[in-house]
Amino acid sequence: MKIARLLHENGETYGFVKNGKVATKEEITYQTGVPIPQSIKDFLFDGWYDEIKDQSDSLPYEESISKFKLLSPIPNPSKIICLAFNYVDHAKEQNLLPPEEPAIVLKPRTTLNGTESDIVCPNFVTQLDYEVELALIVGKNCKNISEEDAKGVIFGYMILNDVSARDIQFKDKQFTRGKSFDTFAPSGPWITTSDEVKNPQNLRLTTKINGQIRQDSSTNNMFIKIPEIVSSLSKVMTLEKGDIISTGTPAGVMLNKPNAIFLRNDDKIEMEIEGLGVLRNTVKFVSEN
């Protein structure tokens, strides 16, 4: 199932997506008789989705998705955890070895942004970069979970662009500030539930800038695989319902490249992960005032 968070005429809702059509929360309630909650997080993680998911195929999908603005699928997660140098091809292009354990950066929730929305960057940033990543959504609170049980706590997957200001990153000698500007985590376009993603370690992922392919790889190139990521992180911190874990980016970013072409005003970014949809955003540089 694909589940989107939606905005229409200044009112927020959510719904199921199929073949470019939507069954909204209101339609789901009308057709099933189940008074599902207003909050998408309550719906996804407090048993409501499980109660009505078997009826999803019988729902009428009558609204065109083009009628809605798609918001970042998860609002206000407690944590957005991003892995660094977790792809063998990306580590190789940086002349590094992938870390044996997850090397992480925490992004604030104010970085979240939806598809077709602008990535808004202050003019003082001079080296703006992109990173296509497979992100997973934690569906159950967990601590010290085993790799064998990790799959059971993943609710679903989506695309995340871990936008990075490389000049800030190098100035600070660490990653947090350069990855923490508002709108620097476009995500979506929706959540694809884990039962629809048969093998998350074998998905093609690409980035196009103004139609030109910059990244083209496979999640098979992850060094630390998803079950180990979840298990390792849960030994450090309690993972909570709605947390986002973004699993790293493959080769093709501009970091440390000679003659790097960083993102410019009005650049169009198109990211696609096999089976999960397409994430589209436009870069807008703005003055600091």
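Compared with the alpha-carbon gap, the fully stretched path from Lys151 to Lys92 is longer by 18.4 nm at 0.36 nm per residue. Listed by chain and number, the aspartates and glutamates whose C-alpha is less than 16 Å from the C-alpha of Lys21, apart from same-chain residues fewer than 8 away, are Asp57, Glu62, Glu63.
Each Cα pair under 8 Å and six or more residues apart adds its separation to the average, and for the chain the resulting relative contact order is 24 percent.
Where does the chain land at 222 nm, in deg cm²/dmol rounded to the nearest 500, when only DSSP H runs of n ≥ 4 count, each adding -39500 (n - 2.57), divided by all residues? Mind dumping the intermediate values first?
Working: 7 runs with 45 residues, N = 289.
For the chain, the value works out to -3500 deg cm²/dmol.
Largest GNM mean-square fluctuation across Asn95, Asn202, Asn265, computed for the chain with C-alpha springs under 10 Å, falls on Asn95. Between Asp54 and Leu106, how high is the FRET efficiency from 1/(1 + (r/R0)^6) when r is the Cβ-Cβ distance and R₀ = 25 Å? Nearest 0.05. The pair Asp54/Leu106 has a calculated efficiency of 0.10.
To make sure I understand, if each residue's beta carbon is the centre and we count other beta carbons within 10 Å, what order do Asp129, Asp46, Asp162, Asp54 fall in, fewest to most?
Numbers: Asp129 23, Asp46 13, Asp162 27, Asp54 9.
Neighbour counts put them in this order, fewest first: Asp54, Asp46, Asp129, Asp162.
Springs between Cα atoms under 10 Å define the GNM used for the chain, and in it the highest mean-square fluctuation of Val22, Val34, Val253 occurs at Val34. Given q = 0.10 Å⁻¹, what are the Debye log10 I(q)/I(0) values for the chain, with equal point scatterers placed on the Cα positions and solvent ignored? Ignoring solvent entirely, the Cα scatterers give -0.51.
Scan the chain and report its longest stretch carrying no GluC sites (Glu not before Pro) that are both in a DSSP loop and have at most 11 other Cβ atoms within 10 Å. Write out the running numbers ahead of the final one.
Numbers: sites that count: Glu9, Glu62, Glu100, Glu288.
That would be 101-287.
Charging the Cβ of each Asp and Glu at -1 and of each Lys and Arg at +1, and nothing else, the dipole of the chain about its Cα centre rounds to 620 debye.
Among the listed pairs Lys107/Lys235; Lys140/Lys235; Lys25/Lys208, which are separated by more than 22 Å between their Cα atoms? Walk me through the intermediate numbers first.
Working: Lys107/Lys235 19 Å; Lys140/Lys235 15 Å; Lys25/Lys208 33 Å.
Among Lys107/Lys235; Lys140/Lys235; Lys25/Lys208, the Cα-Cα distance tops 22 Å for Lys25/Lys208.
Can you pick out the pairs among Lys151/Lys284; Lys143/Lys225; Lys179/Lys225 whose Cα atoms lie more than 26 Å from each other? The answer is Lys151/Lys284. For the chain, DSSP calls about 85 percent of its internal beta bridges antiparallel.
All of the numbers you see were taken from the coordinates with simple rules; none came from a lab. In this text, all values refer to a predicted model and were calculated from it rather than measured experimentally. In this analysis, Cβ positions are derived from the backbone assuming ideal geometry, glycine residues included, and neighbour counts consider all displayed protein chains.
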